[in-house]
Amino acid sequence: ERCLLAARAHDIFRLLDADGSGTLGPEEIRNGLSQLGFDKKGRAGIDKLVKQADADGSGEIDINEFVDMISDAMNNGEMKESQMDLVEMMHDLLHEDEERRKNMVEGDSSCMLNPRELTSHTWDLAVAVILIFTVLSNPLSMAFEPVSERLFYFNVASDLIFCVDILKHFNTGYLNDGGFAVIDRWKVTKAYLLSWFLPDLIASIPIDLFLIGGSGSALRASKILKLLKLFRITKIIRLFRLSRLSHYFYEMRTAFEDYFKVQIPEGSVSIVYLFLYLLLLVHWTGCLNFMIARIYEFPEGCWVEVAGLVDARVSRQYAWCFFKGLAQMIGLGFEIPPVVNTSCIDTQFWCTMEHWTSLVCLYIGVTFYALLISNFEVIVQNANHSRINLREKLQTANDYMKAKHIPSHIREKVRNYFKIQFQEKGLSGKTFDEAAILQELTPNLREEITLYNQQ
């Protein structure tokens, strides 16, 4: 809010600074306010206002003194009419962006939520928190019966919330590439049906409700019940919904960097993401292996029965499931000694399921392992990108100076100049082309940054 206040104070300063001198006098402020439609009385108070704000006694105020004056006026409970003009002008500019964004709407269908509304953001954030919990809890519920019983109500409630979220998506607009909020019901429905509707629907079916009556031995042994339990694997689709949370993580990271005035290296962020993805995949694949054996009631020869984990505590069962999933992720599978990496040798249907589950997990593991190695290579190459640029500049400068037979003491000065530039002008040792960055911005943003850099 303070940054926005300072930016809008810069806007007012530019509007009032008719001659572009970079300073404002009392008469210049009076004329500017009159031209902008603020024709209230009390113009004489501006002289006193400027005098109070003029810290250096020059008779005029610069941009920093003006920002301080505006801040004091907005925080002052008893304002003079001249101050009220400035505060009113400030409020108008503070709400200018908000009003402009509200007007960027395409379509006017009734009973539709604007994607920029606080209600929509609050709901999306609540669903995102529930999504994180379900992505972690669903594999445990699928694999371990005691956990499934304890989380029954949570699983059903979360499924119903995701069903409501589907209805919400049909009644909430979306932002198009131009930044406009599309509130046309037909366009919203078409866009959702062609994108996330089917995965969301499959992953939101409350399968636990259909399994309530599965306590009887006859029903437990039925093929329909086994198929229903296998259908719970579709909950893995929720993993893909995590991609929708990326903008929340980015905003949290940006807010953290701005608040603590630090910069988190992009390579470090990528490594953390890869590590979390690895743990999540290991969590799911390990529980999936155990679930297949449990659905068929741990038949003789399955890896859970061979490892003696059928009657073990849930914590011990999960620990070995995690181990098995991790072994598959790194491509070891059946090759290392622990019995949890064994597999049945029969050709029954349950054994076929176990073989195919292990094979799919191994292929997923090999693919992710290759992705992990390639990403690490890219991260290492880009970690010292600025230093590589510095070495290239130094090499180019050295080649030039050798070709021109520049004396050695001058060469040393040139090299020191590049090193000092890298250490002092870069951000945390990073170099950048400021002119190229500013060229991509709008004139107003360029001017705001230039004025800030001149402080």
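The values are calculated or read from the model by the stated rules, or taken from the named source; none is laboratory data. Computed from a predicted model, the values in this text were never measured in an experiment. When the accessible area is computed, the model is the full protein with side chains, heavy atoms only, and any ligands, DNA or RNA have been set aside. Shrake-Rupley method; radii C 1.70, N 1.55, O 1.52, S 1.80 Å.
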Practice problem: Would you please give the residues with an amide H less than 5 Å from that of residue 113, counting only those at least 5 places away or on a separate chain, with H modeled from the backbone geometry? | Solution: 172, 173
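How do 252, 353 stack up against each other in accessible area, from largest to smallest, with a 1.4 angstrom probe? Present the calculation step by step, with values, prior to reporting the outcome.
Details: 252 125, 353 50 Å².
Per-residue accessible area, sorted high to low, gives 252, 353.
Past the 31 Å Cα-Cα mark, which pairs from 187/235; 229/324; 187/229?
Details: 187/235 28 Å; 229/324 21 Å; 187/229 37 Å.
In this structure, 187/229 exceed 31 Å between Cα atoms.
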